[in-house]
Amino acid sequence: MIALLRRDLMLAVRAGGGFGLALAFFLIVVVLVPFAIGPDPSLLSRVAAGVLWLGALLACLLSLDRLFALDHEDGSLDLLATAPLPLEGIAAVKALAHWLTTALPLVVAAPAFGILLSLPAPGFGWLVVSLLAGTPALSAIGTFGAALTVGLRRGGLLLSLIVLPLYVPTLIFGAEVARRGAEGLAIGPALPLLAGITCGTLALMPFATAAVLRRALRG
Amino acid sequence: MSIWEFANPRKFTALSLKILPTLVGLSAVLVLGGLIWGFAFTPNADKFESTVKIIYVHVPSALMAINGWLMMLVCSLIWLVRRHHVSALAARAAAPVGVVMTVIALFTGAVWGQPMWGTWWVWDPRLTSFLILFLFYLGYMALWAAIEDTETAADLTSILCLVGSVFALLSRYAVNFWNQGLHQGTSIPVATGGRTVADVYFLPLVVAMAGFFVLFVALVLARTVTLIRERRLAVLDAQEARA
């Protein structure tokens with residue numbers, strides 16, 4: 001598993017593109033928001049937490065379709081499937097690699113982008129906490145979506161249509177934590193619920209992903 | 001004789017074709033009867049005036065939209081466990097019917113909300129969860145349409161249906177948490193048995209709900225039979241191409 005994780009990380013770093021692309025996309029979304037709704041700082045600071053969450057979510061989505069597609073094309077996915085490692089483990093490692101290469105940079109960069117949107121001062125900590133707690137769920141769910149669309153020709157658009165509704169609960173609780181943090185309110189049950197969703201998806205999603213991969217590869 | 005006999009497509013088709021005319025007739029009588037009774041022969045409610053009458057379309061369609069997804073879930077489970085093709089095709093057949101029911105419920109709700117709440121749309125938990133249900137239906141249908149091999153498609157959509165159901169439920173309660181709503185609670189709580197709708201509205205509503213239910217069953221059966229025949233045609237074509 002560690003070898004597979006190292007391989008995926010190496011590929012992501014050396015092949016270029018994927019690694020920085022999501023981050024750049026996130027930045028562009030954040031930059032476009034003031035153009036769309038106006039530069040008024042008080043308005044921006046009210047929507048900042050939500051916009052940052054939405055941007056991070058879309059950036060996560062962006063790199064999903066390459067998650068299994070490249071391995072599927074060159075046949076290494078079939079090799080992985082016949083390897084002694086259970087497919088569930090492969091699914092989990094893929095999700096972890098996606099989180100490390102895509103989501104983690106977003107989490108690190110989010111506070112800097114928060115400045116651009118004049119996020120209120122108490123919000124920075126909670127933004128990072130909520131993203132840290134929520135993005136693993138996004139990666140795990142996204143891996144499932146990527147597995148569903150792995151062999152399809154026009155998989156990319158379909159992937160968004162399938163994955164985005166699945167992101168709804170995570171987004172609701174994650175953005176709620178960030179918003180309440182930014183407004184200086186008590187966080188309340190939103191953070192435990194977000195963490196609960198993440199733990200649940202991390203525990204169960206690899207099984208669903210593996211089941212999908214098994215059927216998709218057999219066909 | 002067990003229900004699994006109808007996992008045989010031939011028997012399923014034969015039975016469906018036999019009972020379809022009855023079902024169609026019955027649903028026409030019930031839907032028309034319920035709607036005409038509701039529209040023409042019930043008094044206007046105090047606060048709502050005549051807008052109350054949209055309930056006879058809104059509630060039954062919303063009911064079938066949710067139960068349609070539930071039926072797809074059961075069919076998906078049967079397909080994954082027992083691998084009966086009819087079950088997978090029935091799930092596929094139910095999706096477009098369910099999506100139409102969802103749209104009807106959303107549309108009638110908007111039409112009712114305009115005069116009553118003063119807005120076509122609010123981000124109320126019930127409205128929002130229905131919109132999310134609509135998105136789930138779309139994703140499910142898109143996945144069916146995208147995969148060519150029918151058996152793989154059945155497998156993958158079934159798993160999507162299972163996972164989607166979990167997340168649809170999660171979303172349902174997440175939006176409750178996220179925003180308190182305008183939409184009234186249920187007037188016919190099945191669990192507690194009490195109800196806040198007077199008989200004069202309730203009876204036509206029950207007729208309309210029964211009508212929508214039979215209509216749903218009839219549409220799904222007809223579509224399933226069509227899909228079975230489509231599959232058979234494809235097999236015949238393939239055989240001819242090989243010969």
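The values are calculated or read from the model by the stated rules, or taken from the named source; none is laboratory data. All values derive from a computational prediction rather than experimental measurement. FYI the Cβ positions are ideal-geometry reconstructions off the backbone, even for glycines, and counts take in every protein chain you see.
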* Asked: When you scan the range B:195-217, how many residues do you find that are closer than 21 Å to B:Arg126 by Cα and modelled with pLDDT under 70?
  -> 3
* Asked: more than 14 Å from chain B (Cβ to nearest Cβ) and within 13 Å of the chain's Cα centre (by Cα): does that describe A:Thr101?
  -> yes
* Asked: Is it the case that some residue within the range A:40-48 is buried (at least 19 other Cβ atoms within 10 Å of the Cβ), touching a helix residue (DSSP H, G or I) at 6+ places or on another chain (Cβ under 9 Å), of a type outside the set (Gly, Ala, Ser) and touching a residue at least 40 places away in the same chain (Cβ under 8 Å)?
  -> no
* Structure fact -> If you go through A:Pro169, A:Pro189, A:Pro165, the only one that is at the interface with another protein chain (Cβ under 10 Å from one of its Cβ atoms) and surrounded by fewer than 18 Cβ atoms within 10 Å (Cβ to Cβ) is A:Pro189
* **Subset of the range B:139-163 [at the interface with chain A (Cβ under 8 Å from one of its Cβ atoms) and either within 16 Å of the chain's Cα centre (by Cα) or aliphatic (A, V, I, L, M) (or both)]** => B:Gly139, B:Ala142, B:Leu143, B:Ala146, B:Ile147, B:Leu156, B:Ile159, B:Leu160, B:Leu162, B:Val163
* Structure fact -> B:Leu133 meets each of (1) within 14 Å of another protein chain (Cβ to nearest Cβ); (2) surrounded by fewer than 18 Cβ atoms within 10 Å (Cβ to Cβ); (3) hydrophobic (A, V, I, L, M, F, W, C) with one exception, condition (2)
* The one condition in (1) aliphatic (A, V, I, L, M); (2) within 18 Å of A:Leu64 (Cβ to Cβ); (3) in contact (Cβ under 8 Å) with a residue 60 or more places away in the chain that A:Leu157 fails to fulfil -> (3)
* To do: Among the residues of the range A:76-117, write down those that are buried (at least 17 other Cβ atoms within 10 Å of the Cβ), among the β-branched types (Val, Ile, Thr) and under 18 Å from A:Leu52 (Cα atoms).
  => A:Thr102, A:Val107
* **Any hit, the range A:195-209, residues being over 19 Å from B:Ser165 (Cβ atoms), within 11 Å of chain B (Cβ to nearest Cβ) and in contact with a helix residue (DSSP H, G or I) (Cβ under 7 Å, 6 or more places away or on another chain)** => no
* To do: For A:Arg215, indicate whether it is assigned to a helix (DSSP H, G or I), of a type in the set (Lys, Arg) and away from every other protein chain (no Cβ under 11 Å).
  => no
* Say whether the condition of being at the interface with chain B (Cβ under 8 Å from one of its Cβ atoms), in contact with a Gly (Cβ under 6 Å, 6 or more places away or on another chain) and of a type outside the set (D, E, K, R) is met by at least one residue in the range A:172-186. => no
* Tell me which residues, restricted to the range A:118-148, are in a loop (DSSP other than H, G, I, E, B) and either buried (at least 24 other Cβ atoms within 10 Å of the Cβ) or among the hydroxyl-bearing types (Ser, Thr, Tyr) (or both). => A:Ser118, A:Leu119
* How do the pairs read when you match residues in the range B:9-26 that are closer than 22 Å to B:Trp79 by Cβ with residues anywhere that are modelled with pLDDT under 90 and among the aromatic types (Phe, Trp, Tyr), using Cβ under 6 Å and keeping only pairs 6 or more apart or on different chains? -> B:Phe12/B:Phe6
* So which of A:Thr149, A:Thr135, A:Thr143, A:Thr209 is of a type in the set (Ser, Thr, Tyr) and closer than 21 Å to B:Arg172 by Cα? -> A:Thr135
